[in-house]
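The values are calculated or read from the model by the stated rules, or taken from the named source; none is laboratory data. Everything quoted here is computed from the prediction, not taken from an experiment. Note that each Cβ is placed from the backbone with ideal geometry, even for glycine, and that neighbours are counted across all protein chains shown.
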Amino acid sequence: MKRGFNNQKGFAVSGILYPLFIIFVGILIGLMGTYVNRKILFDNMKRDVLSEVNYGKNILEGGMLLYYKGTEEPIAVDGVLKIPDMSGNGNHGEMVNFQSNMRNEGGKITFDGINNYVKAPNVLNGRSTFTIELLYLPKKQGTTQYYFGIAPNQFGLSTSNASTHLFYYNNATNISIANAGHGINQLTYVAYVIDGTTLTSYLDGNQVSTSTLSGGLNLSGEALGLGGTGTGTDLAEMDCFSFRIYNYALNEDEIYHNYRIDYNELTSST
């Protein structure tokens, strides 16, 4: 009887442990599934997360060549009105035909499309890899204008309708980029990444197109213009909130990161 009793106890214990073991395995599989799903979700939302964690609190600073920010007030350098270079490189931009007592009200530089533009040092000359970012509000259409450029039809971003952009990179050679902007009076962030012979275009942090540059770049010239060319032609009517140039090719996550920071800073202050 005692032996039989022990067998019954063994069966009873195993009868309890078996379903517990099944439950444990089920929980373990569920946790592993949750982990995998969360990882996939994180990867899919990586760009959004980058703008929320500590990494994403500031504009990327490494490799920056120049940075004009609309919230910074003009400064006088040797009697010349200039927009300060926030990159720390001293590449201040001469504010041509702006009023001497102007203030960047509303966190923007206002270009009238008539005679004012910013004449910046040509930090692009001799480079084959760089990134240009611009956050702006276009205000004019129907005429050719450059949001930035070195010389007409040589290098810069040209448009006549604020939606389709012509990116000039050599003499009379350009790439037409459809849906590169939102149109008149709509806040727009664009980024152009040149890496050797490849041009990648972004709108509001999202990639628009990738193109091949045939024949190389022509970046020669004394000045780079913002709100026009470096020679002061084809002037744009726009509000500019930020303009940055990096000495390397920003990747997609970095582009989206900067866009989110720019956009959040602007909308949170209005």
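Residue pairs whose Cβ atoms lie under 9 Å apart, separated by 6 or more positions or on different chains, with the first residue in the stretch 239-258 and in the same structural domain as Arg103 (by TED's automatic domain parsing) and without any contact (Cβ under 8 Å) to a residue 12 or more places away in the chain and the second of a type outside the set (Lys, Arg) and surrounded by 21 or more Cβ atoms within 10 Å (Cβ to Cβ), are Asn251/Val193. Restricting attention to the stretch 212-270, and to residues there that are hydroxyl-bearing (Ser, Thr, Tyr), assigned to a loop (DSSP other than H, G, I, E, B) and surrounded by fewer than 19 Cβ atoms within 10 Å (Cβ to Cβ), which single residue is nearest to the chain's Cα centre (by Cα)? Top of the filtered list is Tyr248.
Candidates Gly93, Gly126: the one that is more than 21 Å from Leu266 (Cα to Cα) and in contact with a Lys or Arg (Cβ under 8 Å, 6 or more places away or on another chain) is Gly93. Would you confirm whether any residue within the stretch 139-148 is more than 27 Å from Leu217 (Cα to Cα) and touching a Pro at 6+ places or on another chain (Cβ under 7 Å)? Among the residues of the stretch 139-148, not one is more than 27 Å from Leu217 (Cα to Cα) and touching a Pro at 6+ places or on another chain (Cβ under 7 Å), which makes the answer no. State which residue is nearest to the chain's Cα centre (by Cα) when the search covers only the stretch 63-79 and only residues that are exposed (fewer than 14 other Cβ atoms within 10 Å of the Cβ) and part of a strand (DSSP E or B). Out of the qualifying residues, it is Ile75. Taking first residues from the stretch 199-211 that are farther than 16 Å from Tyr168 by Cβ and partners that are of a type in the set (D, E, K, R), the Cβ contacts under 7 Å between residues at least 6 apart in sequence or on separate chains come to Gly205/Arg260; Gln207/Glu252.
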